1. So which residues in the stretch A:83-102 are over 19 Å from A:Gly64 (Cβ atoms) and in contact with a helix residue (DSSP H, G or I) (Cβ under 6 Å, 6 or more places away or on another chain)?
2. Residues that are among the hydroxyl-bearing types (Ser, Thr, Tyr) and without any contact (Cβ under 8 Å) to a residue 40 or more places away in the chain: does the stretch B:238-247 have at least one?
3. Residue check, A:Arg23 against (1) modelled with pLDDT of 90 or more; (2) more than 14 Å from the chain's Cα centre (by Cα), all met but one. Which one?
4. Just need a number here: residues in the stretch A:144-178 that are surrounded by fewer than 19 Cβ atoms within 10 Å (Cβ to Cβ) and among the basic types (Lys, Arg).
5. Given the residues A:Leu100, A:Leu96, which is the only one that is touching a Leu at 6+ places or on another chain (Cβ under 6 Å), surrounded by fewer than 22 Cβ atoms within 10 Å (Cβ to Cβ) and free of Cβ contacts under 8 Å to residues at least 60 places away in the same chain?
6. How about the stretch B:291-326: which of its residues are under 21 Å from the mean Cα position of the chain (by Cα), at pLDDT 90 or above and surrounded by fewer than 17 Cβ atoms within 10 Å (Cβ to Cβ)?
7. Would you confirm, using the coordinates I've provided, whether C:Leu20 is in contact (Cβ under 8 Å) with a residue 12 or more places away in the chain, on the phi < 0 side of the Ramachandran plot and not in a helix (DSSP H, G or I)?
8. Could you tell me which of the residues C:Val146, C:Val167, C:Val184, C:Val200 is of a type in the set (Val, Ile, Thr) and within 21 Å of C:His39 (Cα to Cα)?
Amino acid sequence: MKKNVIGAGIAILIGVAVPLVFRSYWLHVAIIALYYALLASSWTMLAGFSGQFSFATMALGGIGAYTSALLVINVQLPMWLALICGALAATVVGLLIGVLVLRMRGPYLALFTIAFSELVRITLNAEYQLTRGDMGLTVPHLYTTVSKTPYYYTMLGLLVGSLLVMWTVLRSRYGLFFRAIREQEEAAAVMGVNVVRYKIMAFVISSFFAGLAGSFFAHYIGTLTPNSMMEIPRMGLLIAMSVIGGIESLAGAVAGAVLVEFLQEYLRALEMWRFVIFGLALVLILRFSQNGLIYPIYQRFAARRVEPRTVADAEA
Amino acid sequence: MKTFLTFMGVIGLVVCIGGSLGWSQDQVILGGVAPLSAPGAAESGAEMKIAMEMAVSEIGQILGKPIKLQVEDTRGLPEEGTAAMNRLADAGAAGVVGEFHSAVANAEIEVANQRKLPLIIAEAWADVITAKHYPYVFRIAPANSLFYTKVSDWVKAIGAQNVVAIVENTDWGLGIDTVFKETLHDQKNIDGDPVQYTSIVAERTVTDFTPQLLRYKSMSPRPDLVMDIFTGTGEYLIVKQTGELGLAPNRETLVFAVGTSALYPEYWETVGKYGVFSITKTGYHPLLGVTPAIKKFNAEFEAKTGKTPTFAAMEAYDSIHVLAQAIEQAGSTASDAIVAALEKIKYDGVLGTIYFSADKKPDYMYHQWPGAKAVIIQYTAEGQKYTDAELLWPAALMP
Amino acid sequence: MDFFVAQALNGLIIGLLYALIAIGLSLIFSVLKLVNFAHGECCMMGAFVSYYFSTLFGINPLIAVFLSMVVVFLLGVAMQYFFLRPLYTGAVERKDEYAILITFGLGIFFQNLAMSLFGPWTKKSQDFLSGVTSIGFLTVDNNRLVVSFVAIAIVLALLLIINKTFVGKALRAVSQDRDAAAIVGINSHRINMLAFGVGVALAGGAGALIGPIFLISPMMGILPGIKSFVIIVLGGMGSIKGAIIGSLLLGEIESLGSIYLLDPTRGLAYKNAFGVLLLAIVLLVKPTGLFGERHVRME
């Protein structure tokens, strides 16, 4: 526990120091890496901790992005308010999906969300009078300055804050319910856990952070297109990030996202082959090391003592 | 967390090494932007890249320094375009040329303006690119309005009454759609009859256009002209399915493949016999005059690739030359000096004498090359090269 | 009226192609109790394999379709052996999760591999039969006719095998009760391999058949994949009958819906969205689908 806090502190310090070292373009890459880190950790919270596999994270991010962008453009809403509205819009959509699909067990969520992502992409494309579709929506920037440093610190702040909230939720009794549902849904139900309610809750929280990441991205990057933001291969890359980092750890998701994003920039010379490598890494890690690549290394070095915890502990 | 730290360390190291590479003051860096992979039009991008390389190796040196050409892949995605422009600005490029997709160009001009990086758009037609009057943005390709108003004239001149279109939802496609709505719909054709223009907008991933084409087929009177305002796969599929349904090309109805994809050999691979008598447009055709410069360029390009270049390659080639000459004339790589030189430039290129207009009326004319030409051609045999196709318009050029 | 019939016929032909893909997915689900999220990519692989067979080796395109089915069958067997077998040997802890992620991951891998190997360009497979057939007011491309008949033949052959042969009986036995099937001496690993192989081979065959009609590219699998997901939920998870009816239904809804439901200038833009909307309605009203009996889950 203590070790974790110290580790997190050092990681944040390094994060804060990044703009001192990186030049403009690599700072941009760092911002994008943190954006993916937020998406990946929101996905990990849902998949790794409560066992629900959604392919809609990018689409929910897209809903956040477009909501926020359109509110600023058409209603002249203040940027920060729009950012929150974007996140809330994703949350509401997440709630609707949850109510519709999470009553059922089995692969329904995965099936529905993959189709839902496509629906969002098609709708944003079709309503081009409003969204400009594939032509790209020009979005006002968050700050007037050209410098990337303020964006970097904003994104870092959002990420750290979000991780803190997710971590708190996961350590609370709700987190234990999530895990109980993941391990043994029937047993959890028998023990009196309202399975559907907690499943929906996990989904809604995760949607909020996806939406938040998306709305920030919109006001950072300045141009939105549905195809590049939420195409299925992009969701694949996001999942590869989480899986490489370790599907059962938020820190793993962050590390995985940072690693993959930097590698994909660094390996540009390999062109499309770099995505082949990520795809291969994804399936091999799933097959042979289900806890990811980074998390097991961490465990070996840190040799963490496992704290036995029960629902009763959490309630106390 | 320890691993996380190690990672950050490793990444930091990697980045420092990466950043230090290729940072040398003894060369002039010219940037290129083009779609080199999907979902962009990679065929055209590849062609443009080769043409840029040809131009650079011909020029050799600028201001007595060697040239380094750095071509970035924009994948046909606006965000990638923004990132590519930023990478080029960070690398210290003196100027950038290229681009094929209007939506991407539209994102790139923002960076060009923000970071004061001269940008010559080679092959993106949307009016808005030059209509924003950004001082750092120039264009060699024709603007949509410049050319498609002339297409409207042609449609009226052939006496068409019922024109139908399937339009891709991009700046380029919708821009053309707007031009036709304004200059064709409800206007009188050569016989004095009003022209009816109907269009359907579709997304780039649609593959079956049959229901909409059947609807067009059931119109009465039968359409005179089907406008296929798509690029890439969609452009091929519309010509193919139009043919399969017996809608066009035939005595009653013509099909006009508006996108550049109809100039490549792949067009014939996919549309086969339905491409015979189909119509398309090109910015270069031998009947427009074959200057020694074109001859030389074509021969070199064909020797290098075994393919006939399209005007996208020629535009990219000329753009590099124009940029290089502007830097020489400016005597430095300072962006404002280059812009000033570009505003005064006169360069005899493959496509003609290139210069940039300073007019702000009409909107799209600013920093636009007004001499950009485009003609309407018709294929008359299966597998025909576009250079052998018949010239339809302008009529004055008919042999 | 003429116009309506022409639209309906187009929908039927598209529906038959969907059926081929969706039946494969349904077969895999009924036996292995998992959704193959790489199904669309298997469809794409089939298309490319048959394209290269017919263009590089000059094999008749129709024969190339069957050869590509064999190749995709072998690919499926390999996928099953290396990546899915651990599900049934107890080597994997959370089976549902693993099954979703590994098949999705394989799909992404195939997409990127195809993009690198074959390039992003669109290719067209050779025509099965060029020209068009006109009957009265109806004009249909011959390729589409050939494809429809081949699709019908493959579906009928498959139904025959499942219902009338010993292998079919074994498939059904494993799909109903894996343990009981093992007791009567059915090697369930082999049946898994067979079901997965046949399932993806059907998708591969569909891809190969689509080739001359809708052209092929590395990303061509995404939409058929998503549509087959919609169809199996619509028809009921694991029901072959449901998959067939669901496919025909979706084909018609897309063809007629994009003309009659919305204003015509928008119809085309929303065409690929109809299936998803239908899916949402089905999940709301009858989550088990048209012919599904229960919620199935891997235990």
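1. If the condition is that a residue be over 19 Å from A:Gly64 (Cβ atoms) and in contact with a helix residue (DSSP H, G or I) (Cβ under 6 Å, 6 or more places away or on another chain), then A:Leu100, A:Val101, A:Leu102 are the ones that fit.
2. Yes - at least one qualifying residue is present in the stretch B:238-247.
3. Unmet for A:Arg23, out of (1) modelled with pLDDT of 90 or more; (2) more than 14 Å from the chain's Cα centre (by Cα): (1).
4. Here the count works out to 2.
5. That would be A:Leu100, the only listed residue that is touching a Leu at 6+ places or on another chain (Cβ under 6 Å), surrounded by fewer than 22 Cβ atoms within 10 Å (Cβ to Cβ) and free of Cβ contacts under 8 Å to residues at least 60 places away in the same chain.
6. B:Glu302
7. For C:Leu20, the condition - in contact (Cβ under 8 Å) with a residue 12 or more places away in the chain, on the phi < 0 side of the Ramachandran plot and not in a helix (DSSP H, G or I) - is not met.
8. Exactly one residue qualifies, and that residue is C:Val200.
The values are calculated or read from the model by the stated rules, or taken from the named source; none is laboratory data. Bear in mind that the values here come from a model prediction, so they are computed numbers and not experimental data. Virtual Cβ from ideal backbone geometry, glycine too; neighbours counted across all protein chains shown.
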